[in-house]
Structure formats: structure tokens, C-alpha cells
Amino acid sequence: ADLTVGFSQIGSESGWRAAETSVAKLEAEKRGITLKFADAQQKQENQIKAIRSFIAQGVDGIFIAPVVATGWDEVLEEAKDADIPVLLLDRKVDASDDLYLTSVTSDTVYEGKVAGEWLAEAVGGAECNIVELQGTTGSSPAIDRKNGFEQGIAGSDNLKIVRSQTGDFTRSQGKVVMESFLKAEGGENICALYAHNDDMAVGAIQAIKEAGLKPGEDILVVAIDAVPDAHLAIANGEMNATIELTPNMAGPAYDALEKYLADGTMPPKWIQTESRLFTASDDNNAIYEEKKQLGY
Amino acid sequence: MIRTTHLPLLVTLGTFVIAFALCAWQYPAIFSTRVAANLLTDNAFLGIAAVGMTFVILSGGIDLSIGSVIAFTGVFLAVILRDTNIHPLAAFALVLVITTAFGAAMGAVIHYLEMPAFIVTLAGMFLARGAAYVLSTDSVPITHEFFSTLQDIYWKAPSGGRFRLIGGVMLLTFIIGAIVAHRTKFGQNVFAMGGGAATARLMGVPLASTTIRIYAISGGLAGLSGIVFSLYTSAGYSLATVGVELDAIAAVVIGGTLLTGGYGFVAGTFFGILIMGLIQTYIVFDGSLSSWWTKIVIGGLLFAFILLQKGLTWATRTGKRQSTGLATPS
Amino acid sequence: MPDQPTPMLQARGVTKYFPGTIALDDVDIDLFGGEVHALLGENGAGKSTLIKCLTGAYRRDEGTITLEGEPVSPASTAESLSLGIGTVYQEVNLLPNLTVAENLFLGRQPTRFGMLSRKKMVNLARKTLAEFGLDIDPAEPLTSYSVAVRQVVAIARAAEMSGKVLILDEPTASLDREEVQLLFSVIRKLRDRGLAIIFITHFLDQVFEISDRATVLRNGQNVGMRRLAEVTQKDIVTLMLGRQLEERIHVRSGGTAGELLVSADTLSKRGMIEPFSLDIHKSEVVGLAGLLGSGRTETANLLFGAVQSDHGDVKVKGKKIRLSNPRDAISHGFALCPEDRKTEGIVGELSVRDNIILALQARQGWSRPLSRSKINEIAEHYVEALDIRLASLDMPIRLLSGGNQQKALLARWLATDPDFLILDEPTRGIDVGAHSEIISLIEDLRDKGMALLVASSEMEELVAYSTRVIVLKDREQACELTGDDITTANIVHAITDETLERPSNART
Amino acid sequence: MPGPNSSVLKRILPQLVILGVVLLLNFIVFPDFFRIEFKNGRLFGSLIDVLNRGAPTALLCVGMTLVIATKGIDLSVGAVMAIAGATAASLVVEGHGWFTALLGALAVGGLCGLWNGVLVAVIRIQPIVATLVLMVAGRGIAQLITEGTILTFNNEGLVRLGAGTVAGIPTPIVIWVALGALATFVIRRTALGLLIEAIGVNETSSRLTGINSRVILICVYVMSGLCAALAGVIVAADIKGADANNAGLWLELDAILAVVIGGNSLLGGRFSIVASLLGALIIQSVNSVILLSGMPPEFNLVIKALLILAILVIQSPKIGHLVYMFRAASGGRNIASPTRPAASPLVPNKDK
Ligand SMILES: Nc1ncnc2c1ncn2[C@@H]1O[C@H](COP(=O)(O)OP(=O)(O)OP(=O)(O)O)[C@@H](O)[C@H]1O
Ligand SMILES: Nc1ncnc2c1ncn2[C@@H]1O[C@H](COP(=O)(O)OP(=O)(O)OP(=O)(O)O)[C@@H](O)[C@H]1O
Ligand SMILES: [Mg+2]
Ligand SMILES: [Mg+2]
């Protein structure tokens, strides 16, 4: 079919997002769909502008990876008026669910919870001081992953978050903040690190090594996203677990859109992607090689 | 009579018309009320903030805090409407008072402590965003029905474009801004400061009150822009509008205002905003640029506009000669 | 002037400290309505500082001021304006980005329905300027007009704004005699209207022509007030300097010009100066005379490469040289002391010392710094030689008085020991004592074999030191005077000849 | 007249005092702050972290100080860092040695500086706008090189530039101290400093005095580009990867802030690289207080803003004037003494 889809992407702030974009492009090519891509550079207003432009252009469907949950009602209504189905990728919005066709996302709270539960099980009954590297202050995955993790460890009184500071989802901030954690708490007093994404964890791992400790042994490391470098770190024994956030959000979305346009099949309102836990028991080297192709 | 002083304005206007024609030629859909309406609606908050920025830049200053103030305003409104029962209009008034006072305070620091505006407003930028974080890190939806009432005010053009209230607010701001800048004593004082603060002082321009008022206007308009932004998104979010100050500065500069102050037009800023909006629209219509090419192209176009302006200014300046004007005494 | 019971403006015990100096030490001054009061003193005596203290531009450290018997204490120029004290400060203080009319009316624009009325403003401006003999389009930007025009606009502005007192700090420095006469007629009109006028200048002729009384400052102290009808110029000079000024008799050394150094061949720039040819020899002072806007500055700039010519070329000792910027000129031993010292001369924030050695250092290149001792030696030498008054060599040059800045700039170029020195209005704002020193300096330099080109509005001065005078008119060389033909009368004649032929559009 | 050394000390005294106070604040929130151990063959401690983490800002500062001294500003340094980091990373990934990578990065940084310099000095675009172009486009160029990913590498030599040590001292510290010293030396032992200051104060006069302002301006921007490139390489080496999106993000603001905290005027003229470097350390120490204090991250910006505001207010010439007036008032007739040293930092009113 000669479909044109507009995709309003948040930006390219991380490798994961680059991968999401490149998967979306690959999948579109595979299906013969014309993809109009718009990078919003982290700004909601740019996303809204892009969506309005897509409407003005008369595309067949609109994908949005919303930068924030709120503030979409008006523009979604306009899309609805123009009979253009909207599909949400990787994050949800606070809007009435008849304004969009479906959302393809993971459950970010659940991701955090998986991490918490894994850690609780890994340490058993031992006392454990956790340091937390938060994502960008105020961003929804940071908030959800923090909440989820707290739920995950809620049952175990022996787990305690002693320090929590933002590392902005970046490697270098992850490293810097971890350094200060190591000084402020004393490396030997920290039993585990929970990072809201793998990039920060990878940075923090270097800080731990430079402090003369063994990441993965002296300090357990668990993070979220399962980017290739995290698999590598797990394979090297420097990281213990990561929870996957698949970059293939567009694939299921294309499927749903094509079906809907073909015969009006309504997809479920939430297509949840799997939040798979990877640990040392997986073949991380192989996964690394495989994921490397995806444009992370 | 067309004076050479109006040239930058005409250049900007001409640039916009040519650019629009070129875009519409490539993508005919751009020539529609929908796109026109979008340009107004989507850039409303930026336009309003840019009016304030125009005043600041005309006076030879700079205000880096506006993006943060917009975010703060949104969060403040959202939180206060969530947690209290006060009417949005009262909340609007309250937030405008706060942001205006904030701007005035920055102006006072700049003037009385003789600190560079760049640095004072940089600290203001940290402070306002920090305050927004402290209020709420979450994005807070605004559900008050008065907001929906305001959002539902629009005029739908036959071909589908919706001209919304906030676009109107922006136009009104531009008109008032232009009158204040070009038709009042205060406006003249702003230009005078931009021409040289020390000289303006010797000529009797009250620097203190002018500086304070300029930054109060910028703060207040950033507040208004924040209100418009909250109407635009029905939410307050502390991470919103990062870097808007740079967009505003770019719009002001493209609009023909000299960053060193003293020369420029509020109306020019309006076309600056439209040009920037057009660039974005064009990039989305094209839809084939990757994230990085988007940035490079935006930078390149910015450069092209600056160069175009430089070239035109240069072309008109040579050729013009000075006249002594001294009449021969008899 | 008849002594009225209460002076219009009275200052008592005005004192102002600057780091390292007392600029004003317990200065009293009385100013009556209907008089023109000259304020005199050497460079750095404190004249400008006094008026800045009187008008609130500086905060005075001690002293009281009364206006018509009422104690006032203006804290800002805006306040003194509202009290009816209008001032023209020493350097032209107008805004280059505004139009003439806007400059003229800044702060008291005519309004209509609460909005500025530009039309009214332009019409009023046209009328006001006509009184000052200026027929220009007030809606044009100020920068379209020359320094002299701006000076007149500044005076007009101050005169319009002053209800009681008008203060003019060296208003005539960039005017030629015709404009000065025009200005004086305006001053007399204002005086007759009952205004009290303070007039600062270094031209004693003008002082005696227009003023009624004079207060003399020396080293920040009031050393006396004189009724001008009762004293001679010599008395005043002696009072200013605190010593007698020895008379110098200027002998023109005619005909001793050395070998040809610089020659310009049909050099021109469209819109600025018509093609001109000029030969300058060693041991020769070529004077450039002419009315304002006649192209003296342009001639100088073109020869120095500060402005690019679009036709013709320059030869040094018969060899054609490239002259695309000042560096080229400097490398051939040229030097130019520019007319507009504030924007083209001083580097305000840098110390006097750095300003003096800047040109020398620039010529040596960045990689060969002058040694500290050498720097001090040069700076101290010129401070002494030119009698530059300063608190310390480390003070930023912008804090020097106007005349002392001018001397420091002269020092900058003398330090490079040039072969060909171009001076554009070298004595602007320089006091009588220094004035004659500079004239003899020029003569000394000439005798040492330097070639000089001096543009000046002061004909007496040109007559004194020039071996040749070129009169410019309408950006064209009109005639050349040599030897005994060099007299003030001849120059005036050469200039006015043409002026009379020009269709006059004046409304005076 | 005071000798050169005592005047340098006098110049940087306010910065030294402030740095001391902020370090003390660190000590208050974290008593072990000053403890330095030798661990794993390297110095280890919070103070070392401040010096180490301050490296990118400090490096940027060196170039930025010069640019600001010419009355300019360079907003593009953050983006240039990203470009340089990406260049170095892609070179080693392609199999080149670390030295080639470093040279490549420096070349690219110099090129970026050249671009800025030409826009400013030749085309005469205002510095803030001229460098805004590269600030916007530069990150795109960096991403173009890395294709949006974090380009990781494992080249020992390159990594050592960011995470290695020289005689136990983290390499970045060695690099910025060396560069700062070298720049200070070159600038003060030649006439370059004077010429740069002259251009910053009055470019027209400087040009008429025979200073080759065009070339010097270009050189200054190139220098800024080189410094940014070095900073970019260090940041990339530190995390063993070039993160085109985040490397140096908003760091230009920190660098400008550091220059101003260093007491340099944004209006150009007199400058001190040493004071700017102290400014960079002050900023890093403020960051360190925030991290060590354990406050929730939503307070980070407010704390930073308030601390910086306090520092700037204390440094404001006006406050200095008030303090002076107060001292003079309590010190009696001292004010009347005409022999008061001329090098007092006070300027009457705001006369220009
Ligand atoms: N802001 C300042 N700081 C320090 N010293 C100053 C300042 N302003 C003026 N001075 C000094 O005060 C003295 C008086 O200067 P002033 O400008 O009043 O002289 P003047 O009589 O107007 O001289 P001129 O005829 O050259 O204009 C000079 O020695 C000058 O260096
Ligand atoms: N930048 C410029 N562009 C075009 N024309 C100029 C420029 N500068 C000066 N002119 C014109 O060149 C002519 C001569 O200039 P100028 O007034 O400086 O001459 P002057 O004889 O030196 O007078 P003054 O006594 O004012 O120095 C004037 O008519 C002036 O308008
Ligand atoms: Mg004076
Ligand atoms: Mg002249």
C-alpha cells in the first residue's frame, strides 16, 4: 500500500532513541511505507508543531513518541477531526483514549519494579545500601522507574536507598555522580547501584573501577534499557542485570495501523512490549553482536 | 517615505515572502489557512516572549531567563489550580505579578549592582527552573474547565485552519509592543540606552527605572507566554521550553534587531518568528532529515539569514554618503 | 554684569576626590542670570569635573549648590535637566542610533494623544536647528552628519532644555569660525533671555569676545574670578598657569624642505574626496585648511590607509607602496593622530602607559614585547616632555582630562619615531600653555627632518608652523599657499571665495 | 608601584577567598572532603574530584577568557567539544592511534574556531550570533559523525587522556594546569595580552594603531576551538565513548560564568586567565557541594543559582564601593588623603 506515516520523535538524546528511530525507518522500508520523520529536539512544542504540519500535509497516520504525558488533547483532537489515526510510541499520554488508536509502550513502572525485585532476590536477606542514579529530573521515565523500583524493594526492609541523585541519563554524569557517591558513602558501604538507564550505569561502572572496587561483585549493578554496552558489561561481569526496553516500538504500531486502515480493525488500546530481564545467565555476547546492528 | 532606517524591517519582510513562496512552490499544501493558522498558534508563546526579548535587546541587554520563567509559570499555574480553588484568572494575575517582579528584580540587580545582564539573567534562568522543579518535577495536567473554554475559542477557516485565541493574544502583544517601543517616551529611552548607556545617562535618561522596566516587561511577557503555553498544552511541566531564550534571540536577530542594541523593530521580530516557524514547517513537510541533519540545516538556515541581512545592509550602506548639512552663514 | 542679589547658581566648597587625586578642592562659583561666565584652566585643572559635579553626573564629595537661592542637590543629569540646567559635556554626547530629531527631543518629546508625534518632532526640530544655522533633515540618523553638525545639535539640545542655566564644555573645539560666530549669536540671545551660561574653552579670544566674567581653576582650586573687561589675556594666562607664558616668536623656516618623501597621485575615494595629488618632503609641514567637511580628515585617512582609496596611488621616495590598511602605512613610517580621540584614538580601559606604547608595540609585533623598563622609560619620557597631568601611569586613560588624552595620543605616535606624521586637529582641546608647546614641538620635529601633514581648523596655528598650506574646499584641493603667502587673511580668502559662489541655502 | 607578583595576587584575591569559602562549605557538608588517599596508583579524594571534574570547564575557560577579552563570546564551545570527541572516537574506532585521534580532534576544533573567527573578524557578524550558528549546527555535525550513537572505544592511549594518571595525578588535571600555565606564560611574556585587551576595549583605535585585529581575533577564536577540542577529547576519553548528544551540553554557560566569576568583564579588556581558572574551580566546588550534600536533585538548580548569585553579588563593583565607603567612613579622614594608592578597584559612579 502507498501509506505515508508521520513520526514525531522526541529527539536523539540517547543511543536507545537513535535505535528506536532507525528501527522505525527500517520497518517502514520493509513495508514500503513512506516515513516522514520529524525530530523535536526534546521540545513538546516542536512535537505539536510537527503533528499539526503532518495534519496539514494529510498523512495517513501519525506516530508520536511523546516527550511528556500531558498537553496533547488539543492537537490530538485536531488529528481526529482530520480523520488521521494517531499511535503513541514508548510513552503514554494523559488524554482520553478515544483520541488515539493505540499506544505501543512498555510499562516503565514495571521495569523499575523488575529491577527492584531482582535486587531484593539477589542480595537475599543481607543488609544492602543502595545508591540510585536518577534520570533527568522531571522526566517521566525517571519518575516511573524510581517509583517502580521502590515498589520492588518495598517488601524487603534490608534494602535501603541511601543516596539518590540525578545523572541526567548520561554516561558522564553517571560517572561524576557515582564518584561523589563513592566518596560520600565510602565505596565499601555501598552494596548496590540502581541506575535509571544503562548509559549512567556504564559511566558509574568506570567510577567504581577507578575507586578500586569491582563492579558486579563489590557493588551490584542493575539498570534498565538493555542497550548493547550493557550486555557487554554483563558479559564482562561488571554489571549484573538489565531490563530490556525494546527499540522496536514502530513495528507493532505499523501492524496495527495497516490493519486498521485495511478493514477498520481496532487494535487494543495498549500494546505492551515485553520488559525482559537479562542477567549473566543469558548469552550476552551474542545479544551484543545482534543488537549492535540496530543503530544504538 | 521609505527611510534607510527601515531597511532591515523590509529585508526581513521580503525574506519571509520569498521563503514562503519557495516553500509553497515545493509543497503546495503549505499555502493553506491550516499552515497559516498553525504558524500563529504554534508560535504564539515564542512570539510573546520574543516581544519582551526585543525590548531587552534593543536596550543592549539580554535575557536568558525567559525559557525557565515560561516553564515556571506553567508549573505554578498547574500546581495552584490543582491544589487550590482559586479561579484561573486570579491565578493568571498572580503569576503575572510574580514574573514581572522577578524580571524587575533582575533589572534592579543589573542596574544597581552593575552586573552584566548575561550573567544576572543566567542566574535567573537557573533560579526560575529550579523553582519550577521544587514546585513539581512531574508534569501536572490542568483540568479546569475555564481552560477548555479558552481553548475552544477559535475561528475555523473554511479550509480547516483554526485561528485560536492564543494566536490573537500574540498579535495583540506585538501591536502593543510596537506602539510602546516606537511611540512612547519609554520606548525612546530603551533605544537611547541601546545607543550607549553612559551617553543616555548624560542626556537625562533615567537608567534605573528604564532598566528595571525593561526587564519587568520581559519577565511579565515571559509570564504571559507561560500562560499561553499552559493553554497550549493544558499542563505545567518543569522541563518545558528549555532553550527558548535562544530561539527568541534568533527570532529577534533575524527580525533585524541589532544584538548590540539601539537598532530594530518589534514588527521585525514578528517576521523573525514567522521565518523560524516556516523553517520548521518546511523541515517537517520534507520529513526526510535525520535528527542530526535537522540541526545542521537549522543552523545553516540561520546562518543564511544572517548573511543575507549582512549583505543587504552592506549593499545599502555603501553608496550612501554623508552630508555635512551645515548651511553657509550669511 | 550687574550683580543681582541672588545668584542663579551658586556653589560653595565643591570637593571631589578621585583615587590618587583631588580633582576639585573646595571650589566656589557664583553664576548670575544674564551673564556668560567663562570657566578657564589648564588641561586637567578640573573644569569638566566641576560641571559634572554641578549637574549630578558625578557625586560630589563635599559642597553645597543653590539654584536661585534654593539649595539643590541633583543626583543625576535627569534631575539637573528638570531643574533647568542644560549641559553639553566635553565629548559630544549624543546617540548615534537615533535620528537628529530624536536626539534633540529625547526626554521631552512632543506627544499627541499620549503617543509620540514624530511629525511634530521633526518640524519642531527643523525650526530649532534653523536658529542655529543648520538646514538638515532632522529625520535622518545622527550618523549621517559630521562631528561639527553633531556638536551644534548637542548645543541646540542643551539650549532648548535649559530654562535657567546652560553649561557648555568646550563647545567650539570642533567648530570653525563661522559656526563659532553663529553659536555666539545664539548664546547672546539666550543670555539676553536671562539664562546663566557657563562657557569652557581654551580659546582666549573667544572668552574675551563672549564672556562677562571668568573663573580660573588651577589644580582643582579656584584661583580667582575676574571681570574680563578689567583684565588682559596675559593676566588670565598668568592666572591659569601660575606663571608667565614666555612669548614665542615663530619664524617660518622657508625653503629648507628636504628630499621628497611621500607623494600621492590622484588619490581619491568616491563620495569622500575628489582626486588629489600631493608631494610631501622631509623637513616640511604641510597644513590642510578648509571648512568643516571640506575633506581634511578624509585626506589624512586616505594617506594613512585608514580608508581605502578607490583610485590613485601613493609613493614613498618614488616607490609605489601598497596602502590597504593602517599597518601598511605604519610599516613605511607613517603615523596618524586621529581627529576623534574618543572613538578612534584612546583605548579607554587600558592604562596611560599601555596607550602610549601601543603603536610601537603593534609595529614590533606580538612576539617581541617591549621590556618593562623600556616601557616605563618611554612612558615617563613623554609624560614629562608633553607635560601630561596624571595621578599615575597605571590609571585608565579614559580618566584623564580631554587635553591630556590628546597629549598621550601624540606621545603614542611620537614614540614610533615616524618619518611621516599626520596630525588631524592636534590641538583640539589643548590649553594655551600646551598649545604653544605643541606648536614648538611640531617645529622641532620639522627641523629634525620629519615630514608632517597637519589638518587644523585653527588658522593662526597653521600659519605659525606650516611651510605650505593646502586649502580644501568641497572635498577638493582649491589652492596652495607657500612662503609669505601663508597668512590667515589669505586662507580665509581662499575659503570664502568659493563659499560666496556657492548658492546659499542658509536661513540665518 | 607594587611589583608584578603582588599585583597578580591582589587581582585573584577575591577568587581565592571565594574558592576557600566554597571549599569550606564542602567540608561542612562532608567532613572527609579534604582527605586525599593514594589508592590504585592514583590520588583519590573529593578535592581531587573537584580538580578533575573541573577540567572541561577549566579548559574551555582558557579560550573563553581570551574571546571575552576581545569583547566577544563563544557559545559554540559545547558543540565543538561534541564534534571533537566524536572525531577522536571515530578515528580510534577506525584503527588509528590515540595521537592521530588527538591531532584529528584538535584540527577539527581549530577548524571550528577558524569558522567562528572568520564570521566575527571578516564577515563582522556579532560574536554571539556568529557562534550561535555553530552551537545549533555543531551538535548535529557531531551526531553525523557518531550517527546518533554513543561511539565507544577501548584505545588505551586515548582513554588515558581522560581517565588515566600522570604520577598519580589524574591526567585531566595535568592537562588543564599545563595548558593554563602555558597560555598565561605565552600571553604575558609576549605582547599578545596587551594587543588582545586593546582590541577588546576599542577595536577601531586598535586597528588605527596598527594592530592586526583581524588576525588576532581569528587566532583567539581558533584558540577557543582548540581548548574546546581538548576538553571534548577528555570528556570522551573519560567515559570511553563519544556521546554526541550530551558531551559539553550547556557547558558554554558554565565557562562564561567561570570567566565572569574570575572577575573578567564581558565588555572586554583586562583579563586574567588564572582568575578564570579559579572561577572554574569555584563552579565545580559548588557542584560538588550539591552532590555531596545529599539533597534531592530537584533542589540542585536552586542551590546552584543562589550560591552563584551570592558570589556574583559579593564581587559586584558596587558592593566593593559600598564596603570601601563604609571603611572610609569608619576610618575617618583617610578618604581625604590624596596619596591613597591609585590602584584601588573603585570607579566613581558609573562614568564611562
Ligand atoms: N573618573 C576619574 N577618576 C580619576 N581621575 C579623574 C577622573 N576624572 C577626571 N579625573 C582627573 O581629574 C582631573 C581633572 O579632570 P577634568 O576632566 O575636570 O579636567 P579639565 O579641566 O576639564 O581638563 P581639559 O581642559 O583637558 O578638559 C584630571 O587630572 C583627571 O585626570
Ligand atoms: N564614512 C563616510 N562615508 C561617506 N562620506 C563621508 C564619511 N566620512 C566623511 N564623509 C564626508 O566626507 C567629507 C569630508 O569629511 P570631514 O567632515 O571629516 O572633513 P574635514 O574637513 O576633516 O572636517 P572636520 O573639520 O569636521 O574634520 C564630508 O562631506 C563628509 O560628509
Ligand atoms: Mg575638560
Ligand atoms: Mg577633520
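Across chain A, Cα pairs under 8 Å and at least six residues apart give a relative contact order of 18 percent.
Remark on chain D: Rg and Dmax equal 21.2, 73 Å (Cα only). Putting +1 on Lys and Arg Cβ atoms and -1 on Asp and Glu Cβ atoms, find which of C:Thr15, C:His332, C:Val237 reaches farthest to the positive end of the dipole of the protein assembly as shown. Going by the charge dipole, the pick is C:Val237. Simple rule: put +1 on each Lys or Arg Cβ and -1 on each Asp or Glu Cβ in the protein assembly as shown, find the dipole, and look at D:Gly248, C:Leu291, C:Leu94; the Cα lying farthest toward the positive end is C:Leu291. Between 0 and 90 degrees, the angle of helix C:352-364 with respect to the longest Cα principal axis of chain C falls at about 20 degrees. Relative to the dominant Cα principal axis of chain C, helix C:372-385 is inclined by about 70°. Spin-label model, C:Phe113 to C:Lys319: label points 7 Å out along the Cα-to-beta-carbon direction sit 7.2 nm apart. Annotation for the range A:216-264: GluC sites (Glu not before Pro) lying in DSSP loop with at most 12 further Cβ atoms inside 10 Å of their Cβ are A:Glu217.
Peptide C:321-332 has a mean of 2 when you count, residue by residue, the C-beta atoms of other protein chains within 10 Å of its C-beta.
What shape does the protein assembly as shown have by the C-alpha gyration tensor, where a ≥ b ≥ c are the square roots of the eigenvalues, rounded means a/c under 1.5, and otherwise prolate means a/b greater than b/c and oblate the rest? Taking the square roots of the gyration eigenvalues as a ≥ b ≥ c, the protein assembly as shown is prolate. Within chain B, the selection of entire DSSP H helices by a Cα span of 18 Å or greater along the long axis and an average Kyte-Doolittle value of at least 1.6 returns B:7-26, B:44-58, B:66-83, B:88-112, B:117-135, B:165-183, B:266-286. Here the extension length gained between C:Thr266 and C:Glu480 equals 75.4 nm, from 0.36 nm per residue of separation less the Cα-Cα distance. Along each principal axis, taking the top coordinate minus the bottom one, the Cα set of chain B gives 78, 53, 36 Å in descending order. Around the Cα centre of the range B:2-317, unit charges on the Cβ atoms of Lys, Arg, Asp and Glu (plus for the first two, minus for the last two) sum to a dipole of about 720 debye.
Between 0 and 90 degrees, rounded to the nearest ten: what's the tilt of helix C:147-161 against the longest Cα principal axis of chain C? It is inclined by approximately 0 degrees. Dipole size of the protein assembly as shown about its Cα centre, with +1 on Lys/Arg Cβ and -1 on Asp/Glu Cβ: approximately 2700 debye, rounded to the nearest 20. Across chain D, Cα pairs under 8 Å and at least six residues apart give a relative contact order of 30 percent. Taking the Cα centroid of the range D:195-263 and of the range A:142-166, what is the distance between the two, rounded to the nearest whole Å? Their Cα centres are 43 Å away from one another.
Under the definition of Cα pairs under 8 Å and six or more residues apart, what whole-number percent is the relative contact order of chain B?
Rounded, it is 34 percent for chain B.
Packing around the peptides C:110-116, A:51-57, D:12-18, taken as the average count of other Cβ atoms within 10 Å per residue, puts them in this order, highest first: A:51-57, D:12-18, C:110-116. With the charge dipole of the protein assembly as shown set up from +1 on Lys and Arg Cβ and -1 on Asp and Glu Cβ about the Cα centre, the Cα lying farthest toward the positive end among the listed residues B:Gly187, B:Ile110, C:Val432 is that of C:Val432.
Normalising by residue count, the range C:80-142 has a Cα convex hull of 104 Å³ per residue. Using the Cβ-Cβ distance between A:Asp98 and A:Glu274 with R0 set to 41 Å, the FRET efficiency from 1/(1 + (r/R0)^6) comes to roughly 0.95.
Among the helices of chain D, those built from whole DSSP H runs whose Cα atoms reach 18 Å or more along their own axis and whose mean Kyte-Doolittle hydropathy is at least 0.0 are D:4-29, D:55-69, D:77-93, D:98-117, D:127-146, D:171-189, D:213-238, D:273-293, D:300-315, D:317-330. Placing +1 on each Lys and Arg Cβ and -1 on each Asp and Glu Cβ, with no other charges, gives the range C:342-417 a dipole about its Cα centre of roughly 160 debye. Here the spin labels are modelled as points 7 Å beyond Cα on the Cα-Cβ line, and at D:Met295 and C:Val223 they lie 6.3 nm apart. Spin-label model, C:Asp26 to A:Lys214: label points 7 Å out along the Cα-to-beta-carbon direction sit 8.8 nm apart. Per residue, the convex hull spanned by the Cα atoms of the range C:342-417 measures out at 85 cubic angstrom.
Near the amide H of A:Phe63, within less than 5 Å, lie the amide hydrogens of A:Gly6, A:Phe7, A:Ser8, A:Leu87, all on another chain or at least 5 residues away, with H placed in the peptide plane.
Of all alpha-carbon pairs in the range A:139-296, indicate the percentage at a distance above 24 angstrom. The share of Cα pairs beyond 24 Å in the range A:139-296 comes to 40 percent.
Prolate is the label for chain A, because the ratio a/c of its alpha-carbon gyration tensor axes (a ≥ b ≥ c) is 1.5 or higher and a/b is greater than b/c. If R0 is 56 Å, the Cβ-Cβ spacing of D:Phe99 and C:Arg59 corresponds to a FRET efficiency of close to 0.40.
Values quoted throughout were computed directly from the atomic coordinates according to the rules given, and no laboratory measurement underlies them. Since this is a predicted model, take the numbers as computed values, not measurements. Reconstructed Cβ throughout: ideal geometry from the backbone, glycine too, with neighbour counts over all protein chains shown.
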